[in-house]
1. Restricting the search to segment A:99-130, which residues are at the interface with chain B (Cβ under 9 Å from one of its Cβ atoms) and of a type in the set (A, V, I, L, M, F, W, C)?
2. Output the number of the condition that A:Asp114 fails; it satisfies all remaining conditions of (1) open to solvent by 20 Å² or more (accessible area, probe 1.4 Å); (2) assigned by TED's automatic domain parsing to the domain that holds A:Leu187; (3) out of contact with any His (no Cβ under 6 Å at 6 or more places or on another chain).
3. With A:Gly162, A:Gly180 as the choices, which residue is surrounded by fewer than 21 Cβ atoms within 10 Å (Cβ to Cβ) and at positive phi?
4. Out of segment B:226-258, which residues are at pLDDT 85 or above and within 25 Å of B:Ile69 (Cβ to Cβ)?
5. For segment A:201-312, list the strands (runs of 3 or more DSSP E) that sit wholly inside it and hold at least 1 residues that are open to solvent by 60 Å² or more (accessible area, probe 1.4 Å) and over 21 Å from A:Gly40 (Cα atoms); which are they?
6. Based on this model, can you work out whether A:Tyr133 counts as within 14 Å of another protein chain (Cβ to nearest Cβ), among the hydroxyl-bearing types (Ser, Thr, Tyr) and either over 24 Å from B:Ala8 (Cα atoms) or in contact with a Cys (Cβ under 9 Å, 6 or more places away or on another chain) (or both)?
7. Kindly check whether there is at least one residue in segment B:37-45 that is open to solvent by 10 Å² or more (accessible area, probe 1.4 Å), of a type in the set (Asp, Glu) and either modelled with pLDDT of 90 or more or under 18 Å from the mean Cα position of the chain (by Cα) (or both).
Amino acid sequence: MTDIVTLDAVDRRFGAVHALKALSLTVAPGEVLGLLGHNGAGKSTLMKLVLGILAPSSGVVTVLGHDPRGRGARDLRLQLGYLPENVSFYDNLSGREVLRYFARLKRVAVRDADRLLERVGLGEAAGRRVRTYSKGMRQRLGLAQALLGQPRLLLLDEPTVGLDPMAVQDVYGMIDTLRGNGTSVILSSHVLPGVERHIDRVAILCQGRLLASGTIDGLRQQAGLPLQIQARGQPLNGALRSQLAGQGVDIQGEDSGAIRLSAPPAEKIAVLRTLLAEPGLEDVTVEPPSLDALYAHFDTWGRQQEGDREHA
Amino acid sequence: MREVFIVAGKEFRDGLRNRWILAMTVVFALLAMGLAWFGAAASGEVGFTRISTTIVSLASLGVFLIPLIALMLAYDSIVGEDEQGTLLLLMTYPLSRTGLLAGKFLGHGAMLALATVLGFGIAAAMIVLLAEQASWAALAGPFGLFIVSAVLLGWVFLALAYLISVSTREKARAAGLALLVWFLFVLVYDLALLGLLVGTEGQLGGGLFRTLLLLNPTDVFRLVNFTGFEEAAAASGLLTVFSDQAHSPLLLLGILAAWTVVPLVIAALLFAGRRT
C-alpha cells in the first residue's frame, strides 16, 4: 500500500529561523509515528505542513496522495483529525454544543458526535459548559473533536501534557484502538515514559533536523547503548569479575547484595549465561535502553553536530 | 457556502444565549422611546411632539452608540479564536479563511440588524399607539430610513472591527484599537475638519469640505437622517454646509454600503495572507 504521508526534502523557514531542514519522512497506513523533540525542534511546524496550514519553503508534502494545500485540500481535510497543543474551545458552550459545531463543519451527523462524547468518557459532562471542565476533560473533548468523521490520519500534538496518569492511559488506549482500525497516527510528545508500547516508529527531531527514525529496536541498535543489568545475591568473586570484564561488562556498583552492571547489547546472551551459571545470584533483570535514554543519546549527538556545523 | 452558514448560525446563537441581541434591542427601544418623549424637553415640552425632533435626536445619539456596540461585538472575533487555539483548529477543517470571516460577518450582521429593526421598530409602534399626534403614515418613512441607515452604520463598524481583529495577535491590543477607531470616526474626524475650516479661515473650498464629510461614515449617517428637517440645523453643526443641497439618500446609503464592503475585503485579503 502507498504511504499516507510523504515528506520529501522539506524545508521551512520563518524569516531568519530555519524551522525544518531537508526533512524526509513517511508514514504508512495504520502506523503510529512518535515525533520526539525538544521545544522548538519543529514538531508543530511539521504537523502544520501535513495539515496544509503552512506551505513548505521548498520540498514536497503529500498527504493521502494529495497536496495538502492544493485543489483537493477541502476533501482531504475531511479525512484528517487534529488535536492542537493548546486549545481551550468555547467556554460558554457545553461540551456537546462544541462538538456538534465541529461535527457540522466536518459534515458528520450530530448523532455520531454525541456517540463520540460517550466514547471519550464525557457523556455525563456533555451538558456542562466547557468553562467548568478540567484540563483532562478539555483534552478528551479535543480528542473527540479529532476523531470526528473517522479520519484516516490523526495528528496529535502533545496529547498527554497536563493529564493525570489514568487519563494518559485512556489516551494511549484510544490510540491502540485506532491503530487496530488502520488509522495512521502522528503523535508528538516529550513525555516519554510509557509511550514506547503504543508507537510503531519514532522520529527524533532536533533543531529542525531529523536525527533518526525507525522502530525503537532499530534505534537501539543504531545507538548501541549498553544494557542495564541488575543482579541480587552474594558479592561477585574474582573469577566472575574477570570473565565479565572479558565480555565488555562494566560493573557500576555493588552494595549490600545489589549489583548493577552495564553490558554491550551484542553480548547480552553471553553475559546472561555467565551470570545464570553463578550459583550465588538469586535474581537477574535486564533492561534495554529506555526511550528516554535513546532520545537523550540522539539529542546530545544532534546538538554536537549542530555545534560543529556552526563552527565550521 | 454551507460552512459559512454554520459559522453564522453559531455566532447568532451565541448572541441569543449571552443576551447580546436582547440587550441591544432593549437599549435601542428605550433610547428611541426616551428621546421621543423627552427629545423636545429643551423647548419646554414633554411628550411626543414631532417625528423630525425624534429622528434628529436619535441620529445624534445613535451615531455614538451604534459604532461602539458594533466594535464591541466583533473586535475579538478572529483574534479571540486565535488566543483560544480554535482558529488553528478551524483552519484544519474544510473551511477557508474568507469563509470564516464571511460567516462571522453574516452572524454578527444579522444580530445587529435584528436588534436594530426590533428595538427601533418596537419604539415606533409604541409611539404610534401612545401618542395622539403620531400616525403610521408620518412615521414609516423617516423611521424606516433611520433604521436602514442605522443597520448599515452598524455593519460599517463590524467590518472595521474585523479589520482590527485580523491585524492583531492580542485581544487587549484589538480592544484598544477598536476604541481608537471609535474616537477617530466619531469624535476626532469632525473636530479635525472643524479645525481645518477655522484654520484656513473658510478658504477651504466647499466642494472639498463636502467630499471630506462624505468620507466619514458617521457623518454620512447623520446626513441621511438630518437632511430634510429644519430642526437639523441646530443639531448638525458642521453639516449645515449641506443645507443648500440635499443628497439623495440612496447615494448616502451607497456610501455606507461601500464603507462596509471595502474594509471587509481588505480584512479578508489580510487574513488570507497571514501565515497562521
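1. From segment A:99-130, those at the interface with chain B (Cβ under 9 Å from one of its Cβ atoms) are A:101-102, A:104-107; that's our starting set.
Selection gives A:Phe102, A:Leu105.
2. Against the list (1) open to solvent by 20 Å² or more (accessible area, probe 1.4 Å); (2) assigned by TED's automatic domain parsing to the domain that holds A:Leu187; (3) out of contact with any His (no Cβ under 6 Å at 6 or more places or on another chain), A:Asp114 comes up short only on (2).
3. Numbers: A:Gly180 fails: at positive phi.
Every option except A:Gly162 fails the conditions.
4. Answer for segment B:226-258, where residues must be at pLDDT 85 or above and within 25 Å of B:Ile69 (Cβ to Cβ): B:Leu252, B:Leu253, B:Gly254, B:Ile255, B:Leu256, B:Ala257, B:Ala258.
5. Working: elements: A:201-206, A:209-214, A:227-233, A:250-255, A:258-263, A:281-287.
Hits in segment A:201-312: A:227-233, A:250-255, A:258-263, A:281-287.
6. Working: within 14 Å of another protein chain (Cβ to nearest Cβ): yes; among the hydroxyl-bearing types (Ser, Thr, Tyr): yes; either over 24 Å from B:Ala8 (Cα atoms) or in contact with a Cys (Cβ under 9 Å, 6 or more places away or on another chain) (or both): yes.
Criteria met by A:Tyr133.
7. So far as segment B:37-45 goes, no, none of its residues is open to solvent by 10 Å² or more (accessible area, probe 1.4 Å), of a type in the set (Asp, Glu) and either modelled with pLDDT of 90 or more or under 18 Å from the mean Cα position of the chain (by Cα) (or both).
Quick grid of which residues meet (1) within 14 Å of another protein chain (Cβ to nearest Cβ); (2) open to solvent by less than 10 Å² (accessible area, probe 1.4 Å); (3) in contact with a strand residue (DSSP E or B) (Cβ under 6 Å, 6 or more places away or on another chain):
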site	(1), (2), (3)
B:Pro67	no, yes, no
B:Tyr93	yes, yes, no
B:Ser96	yes, no, no
B:Leu114	no, no, no
B:Ala123	no, yes, no
B:Gly144	no, no, no
B:Ile147	no, no, no
B:Leu152	no, no, no
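The values are calculated or read from the model by the stated rules, or taken from the named source; none is laboratory data. Just so it is clear, the model here is predicted, and its values are computed rather than measured. When we count neighbours, we look across all protein chains shown, and the Cβ atoms used for this are built from the backbone with ideal geometry, even at glycine. Just so you know, the surface numbers come from the protein's heavy atoms only, side chains and all, with ligands and any DNA or RNA stripped out. Shrake-Rupley method; radii C 1.70, N 1.55, O 1.52, S 1.80 Å.
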